[in-house]
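The numbers here are math on the coordinates, done by the rules we state, and not lab data. Bear in mind the structure is a predicted one, so any value in this text is a computation, not a measurement. Cβ coordinates were reconstructed from backbone atoms using ideal geometry, including for glycine residues, and neighbour counts include every protein chain displayed.
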Amino acid sequence: MENITLGQNGPSVTPLCIGTWAWGDKLFWNYGNGYGTQELEGAFTAALEAGVTFFDTAEVYGMGLSEKLLGQFMQTASKPVQIATKFGPLPWRFTSQSVSDALTESLKRLQLERIELYQVHWPFAFFLSQETLMNTLADEVKRGRIAAVGVSNYSATQMREAHQILASRGIPLVVNQVRYSLLSRQIETNGISATAQELGVTILAYSPLAQGLLTGKYTPECAETPSGVRKMDPRFSKEGLQKIAPVISLLNSLGEKYGRTPAQVALNWLIAQGNVIPIAGVKTPQHVKQNAGALGWRLNTDEIGQLEQVSRPWLS
């Protein structure tokens, strides 16, 4: 498994990232109902055993519980772990001190002195200017509490602005974390992908399996409905599932060829784009093993092209 350098000279991380949104989140993922701390610790251990040591969290996941759980699990980790977390520019945060204070609290929950990657969770910063925000993050890099700076959900223009402010301080912007999958390809047409390539910014792809749609678990013939808020997502309706059937069919046939699951093929397609690291959310050790099966093999050029063709309706 070859590691990937974030940005041009950021930390070197595994080509797959473990997402921890569900760790402690009751609203969307029903934390505590069917899975809890024991399953999550098992997932953490299974990831390390599979050689995946890069984890993404955020201060808002489970209202800090996701970071706390990671902090606990890392105390007995069998190998070094790299953590990415996120700062939420909330309305009452409008000074540089509020940014530093949020970082301090994240570090406490994670039981760390330094975070490998600190990202701004969304671009709308209310009363906090991008200049104040990015300059404070640059200060924290110099101070040694952050190894690298990233953003999340930034447009091409917003990413360029953040990049310029950081560059004036000699700090690179290494990551933009955005939604990207075979069923969400807008970054290829709205300038985000091209701008990231130009600026040397790595794409962290969240929701790489479209919240489970690309696992093949949900089909028009299957009456199973997803849990939590996803029940109201029209993509999981019979009509929505019929629309994605050609994509699932191709994932299934390629999976049969390689002895892989549709989800593993979908993740492999993202990795094959280059400079893209999928963030695969997990709740159990089984989820980790499933996602780790995307590594150690590669779709060929024709197969990558076939998937690109069948998923074209999701370019916009």
Checklist entry - Could you work out Rg/(2.2 N^0.38 Å) for the chain, with Rg from alpha carbons only? => result 0.97
Item to check | Charged-residue dipole, Cβ positions (Lys, Arg, Asp, Glu), the chain about Cα centre, Debye nearest 20 | outcome: 240 debye
Item to check | Filter on LYS79/LYS283; LYS68/LYS238; LYS26/LYS108; LYS217/LYS257; LYS86/LYS142 - keep pairs with C-alpha separation over 29 Å | outcome: LYS68/LYS238
Checklist entry - Where Rh denotes the Kirkwood radius from the mean inverse Cα pair distance, what is Rg over Rh for the range 49-104? => result 1.06
Item to check | Sequence ranges 34-41, 297-304, ranked by mean other-Cβ count within 10 angstrom, highest first | outcome: 34-41, 297-304
Checklist entry - So, counting K/R as plus one and D/E as minus one, what does the shell of residues with Cβ under 15 Å around TYR31 add up to? => result 0
Checklist entry - Which shape class applies to the range 1-130: rounded if a/c is under 1.5, otherwise prolate when a/b exceeds b/c and oblate if not, where a ≥ b ≥ c are the square roots of the Cα gyration tensor eigenvalues? => result oblate
Checklist entry - Assuming R0 = 35 Å, what is the FRET efficiency of ASN9 and GLU131, from their Cβ-Cβ distance, to the nearest 0.05? => result 0.90
Checklist entry - What net charge is computed for the residues neighbouring TYR61, neighbours being all others with C-beta under 13 Å from the C-beta of TYR61, Lys and Arg scored +1, Asp and Glu -1? => result +1
